[in-house]
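The structure under discussion appears below in the form of structure tokens.
The values are calculated or read from the model by the stated rules, or taken from the named source; none is laboratory data. Please read all numbers here as calculations on a predicted model, not as lab measurements. Glycine also receives a Cβ, built like all others from the backbone with ideal geometry; neighbour counts cover every protein chain displayed.
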Amino acid sequence: MSPRSASVNEELRRRSRERLLQATVDLVGERGLEATTLGDIAQRAGAARGLISYYFPSKRQLLQSAVHRLMHLTLQEALERAPQPTGPEAGRELMARAIDAILDLAHDRPLLMRTHMAGILTAEGFIRCPEQQRLAQLLRETVVAYGSPDPDADYPLLRALLMGSVVPMLLPGAPMAQSRLRAELFQRYGLAWESGFPPDPPAPGGTPPGAVAP
């Protein structure tokens, strides 16, 4: 049997890494980080335990990469969903979709996202990885489509505003409503409430406080 080509080996490594990342978000989302061992992740992914250490120096770094991958895939799906926006308002629609994608993820997977945000705020801090770079590129492209004259300055601001909205959604015991935080972001970017993927309105027929009327 002839040896596998370099491209085949690279594809196998990529698939193994993605299985580990997917297993991480699934298990941490179900159990939390402390109740999830690296052995559990390897078993769920169908991979050798030692493979995790080959790719990731720590469990925290594995989690950050896994959540950044999930965020990237979620954002990509939202931006590419049909029908694709066209015309002069396309950039605003893409911005609305980006905001909704991140807020919906925090709403739908609170334990996972709370654990992720807690990790970022620890001494280990924000970890740059290929998954984070892909997410950053999508957000930067959204800022460009929106019409930013200075994407290098406006992308970090968008990232900060999204993080600042996710945290109060996840605050144990006193979470803020997604619709209120969405309205604040939509007002900041001049977006109509009907843009993106709006949740149920907080009041029948009403535009939430701070949102831009259509």
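Meeting the requirement of 2 or more residues that are touching a residue at least 12 places away in the same chain (Cβ under 8 Å) and touching a Ser or Thr at 6+ places or on another chain (Cβ under 9 Å), the helices (runs of 4 or more DSSP H) wholly within the range 73-190 are 90-108, 130-146, 151-170, 178-189. What are the residues in the range 63-99 that are under 30 Å from Thr36 (Cβ atoms) and among the acidic types (Asp, Glu), if any? Within the range 63-99, just Glu77 meets the criteria. With the condition kept exactly as written, say whether any residue in the range 102-120 is modelled with pLDDT of 95 or more and of a type in the set (Gly, Ala, Ser). The answer is yes, given that some residue of the range 102-120 is modelled with pLDDT of 95 or more and of a type in the set (Gly, Ala, Ser). Screening Met95 against (1) outside the structural domain of Leu138 (by TED's automatic domain parsing); (2) under 20 Å from the mean Cα position of the chain (by Cα) leaves a single unmet condition, (1).
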